[in-house]
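The values are calculated or read from the model by the stated rules, or taken from the named source; none is laboratory data. Remember, it's a predicted structure, so these values are computed and weren't measured experimentally. So basically every Cβ, Gly included, is an ideal-geometry build from the backbone, and we count neighbours across all protein chains shown. Calculation scope for accessible area: heavy atoms of the full protein, side chains included, ligands and nucleic acids excluded. Shrake-Rupley method; radii C 1.70, N 1.55, O 1.52, S 1.80 Å.
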Amino acid sequence: MSCCCKALEKITNPELKAWVKEFAEHTTPEHIVVCDGSQEEFDRLAEGEVARGSWVKLDPVKRPGCYLVRSHESDVARVEKRTYICCKDKNNAGPTNNWMDPTEMRKIMWDLYAGCMKGRTLYVIPFSMGPIGSPLSKLGVELTDSPYVVCNMRIMTRMGDAALDLINKGAEYIKCYHSVGAPLEPGQKDVAWPCAPMEKKYITQFTDPGEEAIWSFGSGYGGNALLGKKCFALRIASVLARKEGWMAEHMLILKLTNPEGKSYYVTAAFPSACGKTNLAMMLPTLPGWKVETCGDDIAWMHVGKDGALHAINPENGFFGVAPGTSKISNPNALHACEKNTIFTNVVLTDDGDVWWEDMGVPAPAHGIDWKGNDCYASKDNPKKMVASPDGTGEPIKAAHPNSRFTAPAVQCPVIAKEWEDPEGVPVSAILFGGRRPSTIPLVNMAKDWAHGVYMGSAAGSEVTAAVISDQIGQVRRDPMAMLPFCGYNMADYFGHWLEMGKKIAADKLPKIFFVNWFRKDADGHFMWPGFGDNSRVLKWACEAIEGKAKTKDTPIGIMPTDDAIDLTGCETTPETLHELLTVDIEGWKKEVAGVKESWEKFGDRIPAELRAKLDEITAALNK
Ligand code: GTP
Ligand code: SPV
Ligand code: MN
């Protein structure tokens, strides 16, 4: 490496400069670049990846400023098994997180980082989670050897000079270390998607007070590598939030306006690939109702001066699931990714465009699938692609189920005008949910805050392709959709939720709901149409907020009566709705027993108030 003094001259914060130098000396990159966050920089990096045959530039008329990237087949999603919370006391990580002693982990990873950037460029990425300079925002610096990470971080965060300015002036920031873990020997040709084998991948959060930092090695994909997102804005932020008295949640934030023009802000926590992006930018099928987007994945929530709970979206873009995104399901997401978007692991069409399963357009006659192989429209099913040139044979997943688009938030046609409000938006409803093929009704409202916290803590969902796992499709407990993202003991996290309820003004406590769009019938079909029709459930929730909803008291919570959900123009029959709104007492007894069992590993750390809620519900079910 040549002397880095010139490259680092923009960094005037001596502590930052010393850290970058130390990491550079250890990882031995060929070049160092301090990213400015400009369009020119993005273009230069993207074109460099095109020139070396890694990325594909899409058709400039059909998809201006867009690129297609194919990852390595082993590096397609988050790796929970390789994700660690490192703090001195194992109990602070809790039984749901992988834990390792911080000193031990630092040794393992520091050894892995030795020389790991050989032949590559070290990029210094200063970024802000939240609007630049907002009192609720937090700064970070990611050091990475991946141009893919730089370009994605530019879309997903406020990245570059403005963030660096604040850090140069002495603002605090979180240190985020990242390498794809694939050094290049002199003369060695690079691969399209460098990464390290699974056993060398580590996604580590150090969480002890004053030591908060992220060390990531071996993966270039999504939440493993774009460290502002899950690692910072959820795992580290949840730890800071508990300490500082706020909340960092895996939640979308939407603005819902009724036909009378009254607006409500709603947040919703659904696990990965369970419908946050879709709900956040939904086109309601109910006439007169409007949804606008404030955020689609993460909410930071503080109690405002007015006593209400205020939410900001710390991100700047969407890293959205491609398959299933269509003109019918989510036209706003499709518009958001018309330009300036990075597509990862979708199908490339012969006319330089992209395709994925359930995009709502017929499969192209020929394309290149996410693995780089030729694929062809299926003769039997125009919605699918096959590997055989004659169009016969079993359909393949031509786009990876966790293929994604990275698109700037401002390109969403329904982005709310207040999405960057530094004070955040006042939340009047919080939804929890998940993919539950049975038992869980369409919607259920908590009787009070503590009951709502219980509902969130009891959430479960089928594991989706957003994580590399052998449990895909199986239901697991995923409290508040935070199982993979809570940076500390989950039982303490439940306690923090209860505490927050005491800080919010009593008349401004958000109402809490549990929803399930994913019930299936005996034939395995979804019973509820979902997507825009979810507005019917949101309407009932608004009526409930106003105290005007038709409700019935049940052992599990407050539910709509059969005639309370507006089905005007909806394909769902009253019989199906009745089934979706019926409490399956036997199923629920098992459900509650399952929750109780899932608490055993926490010992007596589960708050008594929550245990009381579980006992109350159990008693009501047994009446
Ligand atoms: P992450 O980005 O992983 O956190 O996912 P997410 O929660 O934002 O999920 P997203 O909205 O991207 O949806 C994931 C998948 O679920 C897509 O394939 C959607 O088509 C599908 N989906 C979303 N909403 C609904 C719904 O209401 N009903 C049904 N049946 N499917 C849905
Ligand atoms: C999720 O898995 O919840 C995501 C995608 O939003 S990732 O950024 O990879 O975490
Ligand atoms: Mn997510």
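Once the chain from Lys623 to Asp350 is taken as fully extended at 0.36 nm per residue, the excess over their C-alpha distance is 91.9 nm.
In the complete set of protein chains, residue-level accessible area for Arg70 is approximately 60 Å², probe 1.4 angstrom. If the label point is 7 Å along Cα→Cβ of Asn98, which residues in segment 297-337 have backbone nitrogen under 19 Å from it? Those under the cut-off are none; the list is empty. Taking every alpha-carbon pair under 8 Å whose residues sit at least 6 apart, the chain reaches a relative contact order of 14 percent.
Only the Cβ atoms of Lys and Arg (+1) and of Asp and Glu (-1) were treated as charged; on that basis the dipole of the chain about its Cα centre amounts to roughly 620 debye. As an equivalent ellipsoid, segment 39-107 spans semi-axes of 41, 14, 12 angstrom, where each value is the square root of five times an eigenvalue of the C-alpha gyration tensor, largest first. Expressed in Å, the radius of gyration and Dmax of the Cα atoms of segment 369-504 are 21.0, 65. When all alpha carbon pairs of segment 129-211 are counted in 10 Å bins from zero, the resulting P(r) reads 14, 39, 30, 15, 2 %. Note on segment 140-296: Cα-Cα pairs beyond 26 Å make up 42% of the total pair count.
Residue order by solvent-accessible surface for Ser378, Ser263 is Ser263, Ser378, largest first, with ligands and nucleic acids left out and a 1.4 Å probe. Here the convex hull built on the C-alpha positions of the chain has a volume of 149 cubic angstrom per residue. Counting charges near Glu571 (Lys, Arg +1; Asp, Glu -1) among other residues having Cβ under 13 Å from its Cβ returns a value of -1.
Counting only residues at least eight positions apart within a chain, or on another chain, the lysines with an alpha carbon under 25 Å from that of Lys6 are Lys17, Lys21, Lys118, Lys169, Lys175. Within segment 530-623, the proportion of C-alpha pairs whose separation exceeds 21 Å stands at 48%. Accessible area of Arg235 (1.4 Å probe, protein heavy atoms only, ligands and nucleic acids ignored): about 10 Å².
Which listed residue (His496, Ser219, Ile545) has the Cα farthest towards the positive end of the charge dipole for the chain, taking +1 on Lys and Arg C-beta and -1 on Asp and Glu C-beta about the Cα centre? Sorting the options by dipole projection puts first His496. Note on segment 60-194: Kirkwood hydrodynamic radius from all Cα pairs is 17.6 Å, rounded to one decimal. Within segment 294-430, all pairs of alpha-carbon atoms sorted by distance into 5 Å bins from zero give the percentages 2, 11, 17, 18, 14, 11, 9, 7, 5, 4, 2, 1, 0, 0.
Compute the accessible area per residue over the chain, keeping the other protein chains in place, probe 1.4 Å, unit Å².
Using a 1.4 Å probe on heavy atoms only, each residue of the chain averages 38 Å².
Other residues with beta-carbon under 11 Å from the beta-carbon of Ser71 carry, at +1 per Lys or Arg and -1 per Asp or Glu, a net charge of +1. Hey, with R₀ at 41 Å, roughly what FRET efficiency would Glu609 and His525 work out to, going by the Cβ-Cβ distance, to 0.05? Given R0 = 41 Å and the Cβ-Cβ separation, E is 0.55. Taking each residue as 0.36 nm, the span from Asp43 to Lys596 lengthens on full extension beyond its C-alpha to C-alpha distance by 193.8 nm. Principal axis extents of the Cα atoms in segment 201-285, from largest to smallest and rounded to whole angstrom, are 50, 31, 15. Seen from Val303, the other residues with C-beta closer than 13 Å to its C-beta sum to a net charge of 0, counting Lys and Arg as +1 and Asp and Glu as -1. Share of carbon and sulfur in the accessible area of segment 203-254 stands at 44%, probe radius 1.4 Å. The equivalent ellipsoid of segment 164-241 has semi-axes of 27, 16, 10 Å, largest first, where each one is the square root of 5 times an eigenvalue of the Cα gyration tensor.
A compact globular protein would have a Cα radius of gyration near 2.2 N^0.38 Å; the ratio found for segment 247-350 is 1.17. From helices alone, the chain scores -7000 deg cm²/dmol at 222 nm; the rule is -39500 (n - 2.57) for each run of n ≥ 4 DSSP H residues, then divide by the residue total. Kirkwood radius and radius of gyration were both taken over the C-alpha atoms of segment 366-438, and their ratio Rg/Rh is 1.22. Please report, to one decimal in angstroms, the Kirkwood hydrodynamic radius of segment 335-396 built from all distinct Cα-Cα pairs. Every distinct Cα pair counted, the radius reaches 11.8 Å. When Rg and the Kirkwood Rh are both derived from Cα coordinates, the Rg/Rh ratio for segment 229-269 amounts to 1.19.
Taking the average, over residues, of other Cβ atoms within 10 Å as the packing measure, peptides 215-227, 501-513, 191-203 rank 215-227, 191-203, 501-513 from highest down. Over segment 492-583, with a single point scatterer placed on each C-alpha, what log10 of the ratio I(q)/I(0) does the Debye formula yield at q = 0.11, 0.14, 0.23 1/Å? Results for segment 492-583 at q = 0.11, 0.14, 0.23 Å⁻¹ read -0.41, -0.62, -1.23. Once you keep just the Cα pairs under 8 angstrom separated by 6 or more residues, what percentage relative contact order results for segment 112-218? Normalised by residue count, the contact order of segment 112-218 is 28 percent. Compared with the alpha-carbon gap, the fully stretched path from Lys90 to Leu184 is longer by 30.2 nm at 0.36 nm per residue.
For Val33, the residues whose amide H sits under 5 Å from its own are Leu122, Tyr123, Val124, ignoring neighbours fewer than 5 places away on the same chain, with H placed 1.01 Å from N. Once the Cα atoms are used to define both axes, helix 39-51 deviates from the longest principal axis of the chain by about 70 degrees.
The angle between the Cα long axis of helix 585-599 and the main principal axis of the chain comes to about 40°, on a 0 to 90 degree scale. Expressed as a rounded percentage, what relative contact order does segment 1-67 have, with Cα pairs under 8 Å and six or more residues apart? This gives 25 percent for segment 1-67.
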